[in-house]
Amino acid sequence: MDMHTVVVGTSGTTAEDVVAVARHGARVELSAAAVEALAAARLIVDALAAKPEPVYGVSTGFGALASRHISPELRAQLQRNIVRSHAAGMGPRVEREVVRALMFLRLKTVASGHTGVRPEVAQTMADLLNAGITPVVHEYGSLGCSGDLAPLSHCALTLMGEGDAEGPDGTVRPADELLAAHGITPVELREKEGLALLNGTDGMLGMLVMALADLKNLYTSADITAALSLEALLGTDKVLAPELHAIRPHPGQGVSADNMLRVLAGSGLTGHHQDDAPRVQDAYSVRCAPQVNGAGRDTLDYAAVVAGRELASSVDNPVVLPDGRVESNGNFHGAPVAYVLDFLAIVAADLGSICERRTDRLLDKNRSHGLPPFLADDAGVDSGLMIAQYTQAALVSEMKRLAVPASADSIPSSAMQEDHVSMGWSAARKLRTAVDNLARIVAVELYAATRAVEIRAAQGLTPAPASQAAVAALRAAGAEGPGPDRFLAPDLAAADTFVREGRLVAAVEPVTGPLA
């Protein structure tokens, strides 16, 4: 476990800290200011709880049952009951990193001092993360409004020492056993605390933050593979000239063009076709790569702005305000996050689509300008990469289905009290699948393009130094080069891991300098 420590204060957190805790096991510590803010807000809640007037979430029921005033002797039971009843998820378990992000981001809001939760509850949340205890959370149960209710409830259930959780060794055990084994005392929830642990966009936000980290790597990787494909197709790099992109100043477009130009520097392949097989223009999938990749980059930048705002937010209902008021609000609605999750699924699908079109062009002898059919060693005896493209096409087809927005849907719940919901959790779940698929799609293009570049080298043409570095690193990673047909799945899996882990970018940057 990484011993890096993330300090949680009162003013939110960063995307880097989310990834550090969720993926790398960073330890979590509450700042002194957070503990002070927690205690101050709790005094306000305790004072309201002592008054005869009903206050939502403190001395009333929840949702459509908010009209009932709850007597003091039933309030602890009320808080336990909301957690137990809302821990109603179904389906497969959600990934460990998602649950850790969910827990950490809920702690971030709790630590803001706007929720009225006691300091000891927040400390127990941190203790669970530091012990590597991960609640069992299920795929279905959130509509992305009133928070990611069922997922957060399963986490709160573990805090209470109930339900099941996964220990640091990966074994699922009853939560009370795991807490006892790590010396953690289960919390006994008091007024407002059960509600405060459930009302947040934390699951969808955590998945957005991690998707952005993954997509940043994949967009840079896709710029590299696009450059390799352009080179292998003997395309022209003149379309990447900065002065062309300056007259259409979308930021991402210029970045992608610059990345491609750096990869192609010193190539003996680009523009070679003009010597013996003139082409006025390259196909759109080659010529317009910066425009498509760049538009996706700009969408990532916008999504990162939304994520940053949400990371700085305190999402709960009701909230404790600095002047002592406890007010109901609608900040738990997931619309801002849900929209950008869907936007990212759309641009990921389009990036996958243009990658596949270049792969298909590399394999078609009628459009590849001198490459063998399917990049096969002995076409007819060998099928080459024919079915690798089938696999890539199947992934692209699924990406298009995943691009259908979840946030355009809404389904009423809670006896029409919650009559418009965001479906942000669903948007996040399908985006995770889309990001996984995109890595595979980029890997197939990389595998095809590097084979094609090697074939060009065998024809007497000299690839760019960055291309040679990419080829060498991919071959060292276990994805073999041209030759007779062989069991292809292991090579594609090696290429997938190579791309997914950022090793393609790392392989070319010593030649190109840092790529954006």
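The values are calculated or read from the model by the stated rules, or taken from the named source; none is laboratory data. If you're wondering where the values come from, they're calculated on a predicted model, not measured in any experiment. A quick note on method: Cβ atoms are made from the backbone with ideal geometry, for glycine too, and the neighbour counts reach across all protein chains shown. Accessible surface areas use protein heavy atoms only, side chains included; no ligands, DNA or RNA. Shrake-Rupley method; radii C 1.70, N 1.55, O 1.52, S 1.80 Å.
So here's what we get for this one:
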{"quantity": "Which numbered condition residue 316 fails, given (1) crowded, with 23+ Cβ neighbours inside 10 Å; (2) at pLDDT 95 or above; (3) assigned to a loop (DSSP other than H, G, I, E, B); (4) not β-branched (Val, Ile, Thr)", "calculated": "(2)"}
{"quantity": "Qualifying position, being farther than 19 Å from residue 377 by Cα, open to solvent by 10 Å² or more (accessible area, probe 1.4 Å) and either among the small types (Gly, Ala, Ser) or modelled with pLDDT of 95 or more (or both), among 440, 486, 475", "calculated": "440"}
{"quantity": "Pick from the range 501-512, criterion out of contact with any Leu (no Cβ under 8 Å at 6 or more places or on another chain) and part of a helix (DSSP H, G or I), ranking: least open to solvent (accessible area, probe 1.4 Å)", "calculated": "512"}
{"quantity": "Residue, surrounded by the fewest Cβ atoms within 10 Å (Cβ to Cβ), within the range 229-257, restricted to residues that are β-branched (Val, Ile, Thr) and in a loop (DSSP other than H, G, I, E, B)", "calculated": "247"}
{"quantity": "Some residue of the range 357-374 being charged (D, E, K, R), assigned to a strand (DSSP E or B), open to solvent by 30 Å² or more (accessible area, probe 1.4 Å) and farther than 19 Å from residue 454 by Cβ", "calculated": "no"}
{"quantity": "Residue check, residue 305 open to solvent by less than 30 Å² (accessible area, probe 1.4 Å), among the β-branched types (Val, Ile, Thr) and under 30 Å from residue 145 (Cα atoms)", "calculated": "no"}
{"quantity": "Residue 449 crowded, with 24+ Cβ neighbours inside 10 Å and more than 28 Å from residue 399 (Cα to Cα)", "calculated": "no"}
{"quantity": "Search result, residues across the range 68-102 that are assigned to a helix (DSSP H, G or I) and of a type in the set (S, T, N, Q)", "calculated": "77, 79, 81, 85"}
{"quantity": "Out of 175, 196, 226, sole residue that is among the hydrophobic types (A, V, I, L, M, F, W, C) and either under 30 Å from residue 452 (Cα atoms) or open to solvent by 70 Å² or more (accessible area, probe 1.4 Å) (or both)", "calculated": "226"}
{"quantity": "Test result for residue 378, of a type in the set (Asp, Glu), touching a residue at least 12 places away in the same chain (Cβ under 8 Å), out of contact with any His (no Cβ under 7 Å at 6 or more places or on another chain) and surrounded by fewer than 15 Cβ atoms within 10 Å (Cβ to Cβ)", "calculated": "yes"}
{"quantity": "Residue in the range 80-87 that is within 28 Å of residue 211 (Cα to Cα) and not small (Gly, Ala, Ser) present", "calculated": "yes"}
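Results for (1) crowded, with 23+ Cβ neighbours inside 10 Å; (2) touching a Gly at 6+ places or on another chain (Cβ under 6 Å); (3) aliphatic (A, V, I, L, M), shown as yes or no for each residue.
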| site | (1), (2), (3) |
| --- | --- |
| 259 | yes, no, no |
| 289 | yes, no, yes |
| 322 | no, no, no |
| 325 | no, no, no |
